[in-house]
Amino acid sequence: MTTEHGDAAERGPAHGRDPAEGHAPADGRSPADSRDPAAQPEADGTPVGRRLVLGTLALGALGVAAAPPLQRGLERFLGAASDKDPTGLTQLLPNGGGFRYYSVAASVPRKSATSYRLTVTGLVDRPATYTLAQLRARPQTRLVRDVQCVTGWRVPDTPFEGVRLSRILDAAGVRPTARAVRFTCFDGTYSESLTLEQARRSDVLVALRMQDKDLNHAHGGPVRLYVAPMYFYKSAKWLSGIELTDKVEPGYWERRGYDVDAWVGRSNGRSDDPTA
Amino acid sequence: MRRFSRGERWVHRGTAWLMIVCVVSAACLYVPQLAELVGRRALVVDVHKWSGLLLPLPFLLGLASRAFRADLRLLNRYGAHDRRWLSAVRRRDPRAKTRWAGKFNAGQKVFAAWVGGAVLVMLGTGLVMWRTDLFPLLWRTSSTFVHDWLALALGLVLLGHIGLALRDPEARRGMRTGSVDPGWAEREHPLWRR
């Protein structure tokens, strides 16, 4: 045992003999007998505790510095692992693949196919109210893109399906004075907004389905916004109102510091691969 | 016999409660099922931030206590017996293990130092995530990464800490009342100079 030699050396030549060590477990002596009279006073010795604290701090700082490549590697690995993981345990790991549930409201009412309504108001010629059945009856568009959250997680190749927002805007007759679109949600708290130009993109949907299933409540069902090229906080859950306005009004997280123009990889100080 | 002073017990109690609030609020932000149940994200974030920020406070107040400072010194200093204790753990030799423990065994010392360092890292990365106005946003992403993974490690280590305490009623009594049975001290901490 190298440690024994080390110990003996430290205690000096007077203590070359160590009666307790090595054979001790088998000889059945009581613990009191084995107290080494040569042991140092407890309060002496090397300040290893302080070194451990400083070492942990240094490792933490190193982790922050090395985070971008480490995170990319781990995401790739865990993303692949979660596809083959029937237990769902990888979902609980940081960036372990899959979606995270975020709600800013205390509780979110549930809307069914019969109680759900989507209103289109503001600077339009023909304000409208849609039921879920009316939205389903309109031409559906299916997009398969990665979902990227501003907090880091990414879910690859996620199908979304719904009505192009541009079709709903056209049907309402947008007035020339309108410059932006504001979205409100039936959780009573969340809001989002896009410029009119962004809202007219072909990869912005009023989504009714996700992963080829009807949107459930946790994912923002029955209807949510889906803004494919932007960070996922733009894709407001529980969408209930579309309002045309003359300027962009920052949404819930945007009033708390997030970018309004939230292009994936080109905003919020992040450098993720674009999703569209 | 005496093991912990009243001040030391309050430091432990205060830290424990703040840690519980911090961990539970973290779980409500992080575990999807809990997040769904609780909602109120902005409020839970506030609870988590403040419990985390206050976490070092009991320790700092404790520095006024002579007994606490003396125990910190014991936790800091590692003698030859601590190396033996650790190598007994590596050899999976429980009987040799108990023989080389002072007032705190080497495992308790390592736990204390690592948790101390980890809490400081959590505090630092947490502050970067909180005060985005003071730090560049890229730091925030990197800090989130370290904060998330270290939280997982810290959670497991705390579970170990609680699990070991649950297995040893006399150790718990020491922390609750300040006194322990002399026989227990002789068995578990034979090198403790009283």
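List of remarks:
- Meets criteria (under 19 Å from A:ARG100 (Cα atoms) and not small (Gly, Ala, Ser)) for A:TRP263: no
- Any hit, the range B:170-180, residues being under 20 Å from the mean Cα position of the chain (by Cα), within 30 Å of A:LEU59 (Cβ to Cβ) and open to solvent by less than 40 Å² (accessible area, probe 1.4 Å): yes
- Output for the range A:188-205, where each listed residue is surrounded by fewer than 22 Cβ atoms within 10 Å (Cβ to Cβ) and in contact (Cβ under 8 Å) with a residue 24 or more places away in the chain: A:GLY188, A:THR189, A:SER191, A:THR195, A:LEU196, A:GLN198, A:ARG200, A:ARG201, A:SER202, A:ASP203
- Residue in the range B:171-180 that is of a type outside the set (Lys, Arg), in a loop (DSSP other than H, G, I, E, B) and touching a strand residue (DSSP E or B) at 6+ places or on another chain (Cβ under 7 Å) present: yes
- Qualifying residue in the range A:171-178 (condition: touching a residue at least 12 places away in the same chain (Cβ under 8 Å) and within 16 Å of the chain's Cα centre (by Cα)): no
- The single condition among (1) more than 30 Å from A:THR90 (Cα to Cα); (2) open to solvent by less than 70 Å² (accessible area, probe 1.4 Å) that B:VAL47 does not satisfy is (1).
- For first residues located in the range A:235-247 and touching a residue at least 60 places away in the same chain (Cβ under 8 Å) and in the same structural domain as A:GLY162 (by TED's automatic domain parsing), partners that are open to solvent by 30 Å² or more (accessible area, probe 1.4 Å) and of a type in the set (Lys, Arg) and lie 6+ apart or on another chain with Cβ distances below 6 Å form the pairs A:GLU243/A:ARG182; A:THR245/A:ARG182; A:ASP246/A:ARG179; A:LYS247/A:ARG179.
- Pairs are defined by a Cβ separation below 6 Å, a sequence spacing of at least 6 or placement on different chains, a first member in the range B:144-166 that is within 15 Å of B:TYR30 (Cβ to Cβ), and a second member that is among the acidic types (Asp, Glu) and assigned to a helix (DSSP H, G or I); no pair meets this definition.
- Taken over the range A:155-187, the residue count meeting the criterion of being among the β-branched types (Val, Ile, Thr), open to solvent by 20 Å² or more (accessible area, probe 1.4 Å) and farther than 21 Å from A:PRO139 by Cβ is 2.
- Count of residues meeting criterion [at the interface with chain A (Cβ under 9 Å from one of its Cβ atoms) and charged (D, E, K, R)] in the range B:63-84: 5
- Looking across the range B:29-58, just one residue is aromatic (Phe, Trp, Tyr) and within 12 Å of chain A (Cβ to nearest Cβ), and that is B:TYR30.
- Enumeration of residues in the range A:113-134 that are polar (S, T, N, Q) and either buried (at least 19 other Cβ atoms within 10 Å of the Cβ) or out of contact with any Pro (no Cβ under 6 Å at 6 or more places or on another chain) (or both): A:THR114, A:SER115, A:THR119, A:THR129, A:THR131, A:GLN134
- Of the residues making up the range A:134-167, those that are touching a strand residue (DSSP E or B) at 6+ places or on another chain (Cβ under 6 Å), assigned to a helix (DSSP H, G or I) and hydroxyl-bearing (Ser, Thr, Tyr) number 0.
- Scanning the range B:3-19 for residues that are in a helix (DSSP H, G or I) and more than 12 Å from the chain's Cα centre (by Cα) turns up B:ARG6, B:GLY7, B:GLU8, B:ARG9, B:TRP10.
- The residues of the range B:85-134 that are more than 29 Å from B:LEU191 (Cβ to Cβ), open to solvent by 60 Å² or more (accessible area, probe 1.4 Å) and more than 8 Å from every other protein chain (Cβ to nearest Cβ), listed by number, are B:LEU127, B:TRP130, B:ARG131, B:LEU134.
- Any chance B:VAL128 is over 17 Å from the mean Cα position of the chain (by Cα), touching a residue at least 24 places away in the same chain (Cβ under 8 Å) and within 20 Å of A:ALA65 (Cβ to Cβ): no
- Candidates are the residues of the range A:248-275 that are in a loop (DSSP other than H, G, I, E, B) and of a type in the set (A, V, I, L, M, F, W, C); the one that is nearest to the other protein chains (Cβ to nearest Cβ) is A:TRP253.
The values are calculated or read from the model by the stated rules, or taken from the named source; none is laboratory data. Since the model is a prediction, treat every value here as computed from it, not as a measurement. As a convention, Cβ positions derive from the backbone with ideal geometry for all residues, glycine included, and neighbour counts pool all protein chains shown. Note: areas computed on protein heavy atoms with side chains; ligands, DNA, RNA excluded. Shrake-Rupley method; radii C 1.70, N 1.55, O 1.52, S 1.80 Å.
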